[in-house]
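First comes the structure, then the notes that go with it.
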Amino acid sequence: MIRKNPHGDLPRVHPSAFVDPTAILCGKVVIEENVFIGPYAVIRADEVDAEGNLAPIVIGAHSNIQDGVVIHAKSGSPVTIGQHTSIAHRAIVHGPCHVGNGAFIGFNSVLFNCTIDDGCLIRYNAVVDGCHLPAGFYVPSTERIGAMTNLDALPRITADASEFSEDVAHTNNSLVLGYKAIQNEL
């Protein structure tokens, strides 16, 4: 469902993107080329700051937002998801937040008030809150990363983990074409 927010902003969806009919896009949302938005995802840009300003939520080209993902922003803050990035099932991305290119955010993970640079891999059930993860950083499953976390004490991305995230991105890019082909049947 594509709908306006209370300020009249409508989502902009690139014609090559696929948005599942059960997903909800509300307000100042920008979906770029060849993006997959899975079933029951909610991307909602509707809260304004004290001056009435609202930054967009932008989903970069060739990215995938999987089943049940929630992306929202507090008080008009920006949320940007880079290109070729995967946000896995039931993850929550709450702005202000920036996720770089080629990142992987695992199942049920929560991101809030953070910057995730290019190529980061965050495994399932992790929490990243109030910090900046440098490019290529790895967050193990169930880890909680905050402003006081010593990032040097955590492991780096392995080749297997990197392969997994690249495979997920490739698979979801293929789904865009498949679902676009049967879109009128859904």
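The values are calculated or read from the model by the stated rules, or taken from the named source; none is laboratory data. As the structure is a computational prediction, the values presented were derived from the model and not from experiment. Don't worry about glycine lacking a Cβ; one is built from the backbone with ideal geometry, like all the others, and counts go over all protein chains shown. Quick note on the areas: whole protein, heavy atoms, side chains included, nothing else; ligands and nucleic acids left out. Shrake-Rupley method; radii C 1.70, N 1.55, O 1.52, S 1.80 Å.
Some notes on this structure:
- Taking segment 99-140 and a reference point 7 angstrom along Cα→Cβ of ARG156, the backbone N atoms nearer than 13 Å belong to 135-138.
- Along each principal axis, Cα extent of segment 67-161, largest first, Å: 34, 29, 22
- Positive-end extreme of charge dipole, the chain - chosen from LEU133, ASN184, MET148 (charges on Cβ): ASN184
- Within the listed set CYS131, CYS26, CYS97, the Gaussian network model of the chain (springs between alpha-carbon atoms below 10 Å) gives the highest mean-square fluctuation for CYS131.
- Cα gyration tensor shape of segment 42-82, rounded if a/c is under 1.5, else prolate or oblate by comparing a/b with b/c: oblate
- When only Cα pairs below 8 angstrom with a gap of at least 6 residues are kept, the chain shows a relative contact order of 14 percent.
- Summed residue charge, Cβ within 15 Å of ILE145's Cβ, Lys/Arg positive, Asp/Glu negative: -1
- Ordered by 1.4 Å accessible area with all protein chains kept, TYR179, TYR124, TYR138 run largest first as TYR124, TYR179, TYR138.
- When the chain is treated as a Gaussian network with alpha carbon springs shorter than 10 Å, the biggest mean-square fluctuation among HIS72, HIS98, HIS14 belongs to HIS14.
- Dividing the summed -39500 (n - 2.57) terms of all DSSP H runs of n ≥ 4 by the residue count of the chain sets its mean residue ellipticity at 222 nm at -4500 deg cm²/dmol.
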